[in-house]
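Each remark here refers to the structure printed beneath this line.
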Amino acid sequence: MNELDQLRQWISDSSNIVFFGGAGVSTESGIPDFRSVDGLYNQTYAYPPETIISHSFYRKNPEEFYRFYKDRMLFPDAKPNAAHRALAKLEKLGKLRAVITQNIDGLHQMAGSKEVLELHGSVHRNYCTRCNKFYSLEDIMAMDGVPHCTCGGIVKPDVVLYEEGLDDQVMQKSVDYIRHADLLIIGGTSLVVYPAAGLVNYYKGNRLVVINKSITPMDSEADLVASGKIGEVFSQIMEI
């Protein structure tokens with residue numbers, strides 16, 4: 001039995017699937033991977049991207065932060081791809097319990113997934129740092145420069161910047177889902193961003209699947225490794 005047939009069989013036999021994904025899930029929707037050759041980390045700016053999207057830089061230089069953020073991190077026209085649709089379908093069928101994502105684009109919800117744990121936040125949620133008023137992605141896109149609230153405060157995206165901690169409640173919920181999964185599928189992530197990548201270590205089952213274009217640190221421990229684009233892999237194993 002080849003990898004795809006085995007994966008198809010495991011999905012059929014499972015009723016408590018958890019999916020853990022990263023930037024590679026959204027590249028087929030036209031959103032660049034941070035670390036790929038043509039990704040954010042290889043663009044040329046006055047400051048390195050890691051510096052610009054840090055909490056201290058945002059506080060000191062919100063103009064430059066927002067210039068980069070709006071130019072390179074917002075993709076309002078992006079649409080869900082085959083991977084997002086497949087996961088939403090598996091949830092609807094009662095097989096998939098949760099999607100745990102490092103992405104901030106909201107495409108899983110757009111595809112119809114209900115239980116989505118966003119480890120790094122979402123560009124679709126933005127709050128005034130003074131009065132906590134909510135602003136949508138459309139609101140942010142419509143404002144020039146640094147977005148300001150009607151009260152005068154600066155509006156900050158609800159995304160986890162460098163130097164900021166992950167939400168404890170989201171992390172704990174993710175741990176619980178992974179611990180109880182009968183099939184854990186890791187897709188579209190190089191598993192190098194911590195603490196998020198460390199979550200997969202809580203899985204103690206014997207159906208650990210890795211789907212990724214490049215090798216990951218978990219390949220040697222995985223029960224099944226499928227190399228390729230995740231949307232294409234899902235398209236081959238199920239009707240979407």
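The values are calculated or read from the model by the stated rules, or taken from the named source; none is laboratory data. Computed from a predicted structure; not experimentally measured. Note that we place each Cβ from the backbone using ideal geometry, even for glycine, and neighbour counts take in every protein chain shown. Just the protein is used for accessible areas: all its heavy atoms, side chains included, with ligands, DNA and RNA removed. Shrake-Rupley method; radii C 1.70, N 1.55, O 1.52, S 1.80 Å.
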Which helices (runs of 4 or more DSSP H) sit wholly inside segment 58-127 and have at least 2 residues that are touching a Gly at 6+ places or on another chain (Cβ under 7 Å)? 62-72, 82-92
Can residue 97 be described as more than 20 Å from residue 77 (Cβ to Cβ) and either touching a residue at least 24 places away in the same chain (Cβ under 8 Å) or of a type in the set (Lys, Arg) (or both)? yes
Residues that are under 30 Å from residue 182 (Cα atoms) and without any contact (Cβ under 8 Å) to a residue 60 or more places away in the chain: does segment 120-138 have at least one? yes
Pick from segment 196-240 the residues that are of a type in the set (Ser, Thr, Tyr), surrounded by fewer than 17 Cβ atoms within 10 Å (Cβ to Cβ) and in a loop (DSSP other than H, G, I, E, B): which of them is modelled with the lowest pLDDT? 214
Starting from segment 1-28, keep only residues that are surrounded by 23 or more Cβ atoms within 10 Å (Cβ to Cβ), then list their pairs with residues that are acidic (Asp, Glu) and at pLDDT 95 or above whose Cβ atoms are within a distance under 6 Å, requiring at least 6 positions of separation or different chains. 26/105
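I need the full set of residues from segment 131-144 which are assigned to a helix (DSSP H, G or I) and over 24 Å from the mean Cα position of the chain (by Cα), in order please.
142
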State whether the residues of segment 145-162 include one that is surrounded by fewer than 15 Cβ atoms within 10 Å (Cβ to Cβ), within 30 Å of residue 58 (Cα to Cα), under 17 Å from the mean Cα position of the chain (by Cα) and touching a residue at least 40 places away in the same chain (Cβ under 8 Å). yes
If we scan segment 152-168, do we find a residue that is at pLDDT 95 or above, assigned to a strand (DSSP E or B) and within 25 Å of residue 236 (Cβ to Cβ)? no
Starting from segment 185-214, keep only residues that are over 26 Å from residue 29 (Cβ atoms), then list their pairs with residues that are open to solvent by less than 50 Å² (accessible area, probe 1.4 Å) and β-branched (Val, Ile, Thr) whose Cβ atoms are within a distance under 7 Å, requiring at least 6 positions of separation or different chains. 202/175; 202/178; 203/178
Test set (1) closer than 26 Å to residue 100 by Cα; (2) open to solvent by 60 Å² or more (accessible area, probe 1.4 Å) - residue 121 fails condition number: (2)
